[in-house]
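Notes follow once the structure below has been shown.
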Ligand code: CTP
């Protein structure tokens, strides 16, 4: 990365300790850090450790004569190529979203003419609160970049979004922001995600436990890598990633039609947990317990017919994507099933995972990448990291083949 410099603003939160690791990870990538430590941040990390790691003075006080004499806050705000706020607390986000400038960190954020990248870190309820979400939206509209927050267990013992992104993920986001790195620029990607719902009657359906998280994270990673990305999603309860074209569908047949409409695409990642079967009859009115007369109810069984296989259909399509990737959620013999599925369905790669635990609704994933070259076992990581790594592998492969 040569001689790139960032200004790192460290807010007050338990995640502040990860800022020290971030400085090291950035240094490994050739990025120098200069740090502003807020008063609250100084409760969690010491200026001395920061100074030792950055090899520079740490700036703390807007009204310090010595600080201002060395480098005024205006100059400080412009001396770097990028301003990174990690951890970005609810307080720092609120100040920047509303233009407050009452300490060195907020004044610098307001005075900078450089891009700003925030890594939020806070309790899950704080992150989900209306004011914080409003401020995040305002900041995004103002052009502020975000990395995270991740889902997971937090220092306070609660679970959900709010955990600061890991130093590696922040370092990768810094690198992207500094270089405008977009390895998939000019390419089109298609991603499916979530479950499908197959109606039995107007109030009932057949479905599965897919949360859509992994597919949404992949669509996000591909879009951030520069691909023009379409996400065909079954019904899920998560927000669509920014910059992605979202097509909402309910049934497998609708998902297939939406995928075909999205072709041609260079890359397709079929992450959806498509229902293999649908009820033969979708009743127009609610089936009563006492029963109208029909075959399905007389013996209280549900006649099913097979759904189209979307992955296999794309494999045989005249406009087959250059890189066609399927998923295989298995509970037993994970890799063996995936190897067989890859050939049976005509995919280039199968990303196989073991869903015998709570992976389908969870935030972590342990996958195996099955390709013609063999099987790669990836370590247990967050679904965001799986997406990041997969997008990087896709970029490598597509570029290598170009
Ligand atoms: N898939 C699909 N259309 C279907 C069923 C599955 O496109 N009707 C895709 C999934 O999106 C995934 C891959 O095929 O990428 C494997 O899905 P999976 O459910 O594991 O495979 P099945 O063919 O359903 O095999 P089985 O249920 O026997 O494990």
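Bear in mind these aren't lab numbers, they're just calculated from the coordinates by the rules spelled out. These figures come from a predicted structure and were not determined experimentally. Glycine also receives a Cβ, built like all others from the backbone with ideal geometry; neighbour counts cover every protein chain displayed.
Computed quantities for the displayed model
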quantity	calculated
Nitroxide proxy distance, nm - points 7 Å out along Cα→Cβ at residue 98 and residue 134	0.9 nm
Relative counts (whole %) of C-alpha pair distances in region 5-179, using bins that are 10 Å wide	11, 43, 37, 9, 0
Between 0 and 90°, nearest 10: helix 167-179 axis offset from the chain longest Cα axis	80 degrees
Relative contact order [Cα under 8 Å, 6+ residues apart], region 103-215, whole percent	19 percent
Kirkwood-type radius of the chain, with distances r between different C-alpha atoms, in Å	23.2 Å
Rounded tilt (10° steps) of 130-141 against the dominant C-alpha axis of the chain	80 degrees
Region 188-401, relative contact order [Cα under 8 Å, separation at least 6], %	20 percent
Extension reserve of the residue 301-residue 261 stretch, reckoned as 0.36 nm per residue once the Cα distance is removed	10.9 nm
Cα centroid separation, region 306-355 to region 150-203 (Å)	22 Å
Region 80-145 and region 36-63: distance between their alpha carbon centers, rounded to Å	19 Å
DSSP beta bridge pairing in the chain, given as percent antiparallel to the nearest 5	30 percent
Residue 43/residue 185 FRET efficiency (R0 45 Å; Cβ-Cβ; nearest 0.05)	0.60
Between 0 and 90°, nearest 10: helix 213-224 axis offset from the chain longest Cα axis	60 degrees
Point-to-point label distance, residue 28-residue 380, nm (Cα→Cβ direction, 7 Å offset)	2.1 nm
At 0.890 mPa s and 25 °C, Stokes D of region 347-397 from Kirkwood alpha-carbon radius, µm² per second	213 µm²/s
Dimensionless Rg ratio for region 259-355, taking C-alpha atoms and the 2.2 N^0.38 Å reference	1.43
Extension reserve of the residue 289-residue 207 stretch, reckoned as 0.36 nm per residue once the Cα distance is removed	27.4 nm
Chain lengthening between residue 113 and residue 332 when straightened (0.36 nm per residue, less Cα-Cα)	73.4 nm
Antiparallel DSSP beta bridges within region 5-179, percent to nearest 5	20 percent
The chain: calculated mean residue ellipticity at 222 nm from DSSP helix runs of at least 4, using -39500 (n - 2.57)	-10500 deg cm²/dmol
Separation in nanometres of the label points that stand 7 Å from Cα toward Cβ, at residue 389 and residue 153	2.1 nm
Relative contact order computed over the chain (Cα-Cα under 8 Å; 6+ residues apart), in percent	11 percent
